[in-house]
1. Say whether the condition of being of a type outside the set (S, T, N, Q), over 22 Å from residue 425 (Cα atoms) and at pLDDT below 95 is met by at least one residue in the range 219-235.
2. Residue 211 versus (1) of a type in the set (Phe, Trp, Tyr); (2) free of Cβ contacts under 8 Å to residues at least 40 places away in the same chain; (3) not in a loop (DSSP other than H, G, I, E, B): which is the lone unmet condition?
3. Please enumerate the residues belonging to the range 70-95 that are hydroxyl-bearing (Ser, Thr, Tyr) and without any contact (Cβ under 8 Å) to a residue 60 or more places away in the chain.
4. Within the range 67-107, count every residue that is among the acidic types (Asp, Glu) and part of a helix (DSSP H, G or I).
5. Which of the residues that make up the range 264-304 are among the aliphatic types (A, V, I, L, M), outside any loop (DSSP other than H, G, I, E, B) and more than 19 Å from the chain's Cα centre (by Cα)?
6. Within the range 391-411, take every residue that is over 19 Å from residue 426 (Cα atoms) and touching an Asp or Glu at 6+ places or on another chain (Cβ under 7 Å) and give me the one that is surrounded by the most Cβ atoms within 10 Å (Cβ to Cβ).
7. Looking only at the range 316-332, count every residue that is surrounded by fewer than 24 Cβ atoms within 10 Å (Cβ to Cβ) and either part of a loop (DSSP other than H, G, I, E, B) or among the small types (Gly, Ala, Ser) (or both) and tell me the total.
8. Tell me yes or no: at least one residue of the range 146-159 is under 25 Å from the mean Cα position of the chain (by Cα), modelled with pLDDT of 95 or more and among the β-branched types (Val, Ile, Thr).
Amino acid sequence: MKKKLSMLVTMTVMTGLLAACGSSNGGNAGAENAGNANAPSNAPAAPAEKVTLQFWHSMGGDNGKRIDAMIQRFNESHDNIEVVGTFQGGYDETVTKLQQAVASGSAPDVSMLERAYVEMFADSEVLEDLTPYLEKSGISADEFTPGLMGHSYFNDQLVSLPLNRSTPILHVNKTLLDEKGLAVPTTWEELEAAANALVVKENGEYTRYGFSMPYDTWYPIAMISQAEGTFFNEDKTSIGFYDNGVGMKVFSQLKKLQGTGALYYPPSTDSGNIVNGMFKEGKVAMVYQSTGSIGGLASAVDFDYVTAFLPKDKVFANPTGGANVSMLAASENKEGAWEFIRWMETDPQGALPFILESGYLPFTKSMVESQEMKDLWAKEPNRKVAYDQLQYAVDTNNDVAWPEVMHEFFSAIEAIMYDSKDIQATLDTFKKEADRILAD
């Protein structure tokens, strides 16, 4: 099953996977005994001579400026280490460039890596095991938010740590619900009833839909987990939601809601912005969308806007998104690279300001317990919902083959949601293709 990166450099990376995660604005803080920038006595010794580190990231726009500011804080506080940060494009572009750099021997020391691709790089043995570094720094793995660690381990090695992480939540126009005397839905049944009650149809045209979600794998995977299904089976040899009927249940529910106007399923291109725009304009009452949309929505709406857990079927469950940070095994400056990672993860002046400003999820206990985070959540309770929902986080699509299987899953989603193809026949085809990929 091992897939060397040199064989995957030319693989087409689907940008749709990352649409939901890439729009986030998101979080992390310090370890109990290693987070104080003024007393890093348990941190590894800094390099004896000044070293320059290359750090690749995927943050553009305002978040890119926040990453630049973080790097500047690090450089100003470390005489013997200089970090050079380089924006490599979106998550998918960074993955492709990193594949090429690994193959040519020009990889950076540290890289942001979209969490679903961590296994692919780890399987090719190009990521450093961070376990001894963590131990040397006196940092416990328990310091990190459990719901965000699902993509950190591979073959008993700690190959990445969370950085800019997000999760989907329910965004609600509570004003519209209140007008109908409806409560914020907590179950599929309640969501269906509320969404149908909120539909407005005039002259044969829908002028308001009950709820919506961007075109992405995130949301069907969330529903699969809520129905107590898994994306892959236990031994990663096949699809876990096929034989037990969960896949049929999820897509049948979506098509039923789509047929009544309760669900608006947007075009695949720019779907996130389309959904957000309709929500702001009151053309859709509720949306499944990333926690990273909170800031933009809150500043643009003139109605009572609240967030809530994704409604459950049998259980509450949600996937996670965003990126982790990894050290490349080929780095010639590993002590310096670790100091940068340690500082980002645990120092109060590291990633915490980035998390507070961007909206990404806090990824350590110290960050969650910081006064800055408490003050932010008191001021903006909508942002705490995503963190609270992490108790139900589950990522069942972890596998080296996920990028290829994802391509086929998108094809299945398109066939069902856009072309109204037979659900069972479509899932049959998807399973056949997924099994072929998993058998390679």
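The values are calculated or read from the model by the stated rules, or taken from the named source; none is laboratory data. Since this is a predicted model, take the numbers as computed values, not measurements. Here the Cβ positions follow ideal geometry from the backbone for every residue, glycine too, while neighbour counts run over all protein chains shown.
1. Scanning the range 219-235 turns up at least one residue that is of a type outside the set (S, T, N, Q), over 22 Å from residue 425 (Cα atoms) and at pLDDT below 95.
2. Of (1) of a type in the set (Phe, Trp, Tyr); (2) free of Cβ contacts under 8 Å to residues at least 40 places away in the same chain; (3) not in a loop (DSSP other than H, G, I, E, B), only one is false for residue 211: (2).
3. Scanning the range 70-95 gives 86, 94.
4. Of the residues in the range 67-107, 4 are among the acidic types (Asp, Glu) and part of a helix (DSSP H, G or I).
5. 274, 278, 284, 285, 286, 298 - these are the residues of the range 264-304 that are among the aliphatic types (A, V, I, L, M), outside any loop (DSSP other than H, G, I, E, B) and more than 19 Å from the chain's Cα centre (by Cα).
6. Once the filter is applied, the top-ranked residue is 400.
7. Matching residues across the range 316-332 total 6.
8. Yes, some residue in the range 146-159 is under 25 Å from the mean Cα position of the chain (by Cα), modelled with pLDDT of 95 or more and among the β-branched types (Val, Ile, Thr).
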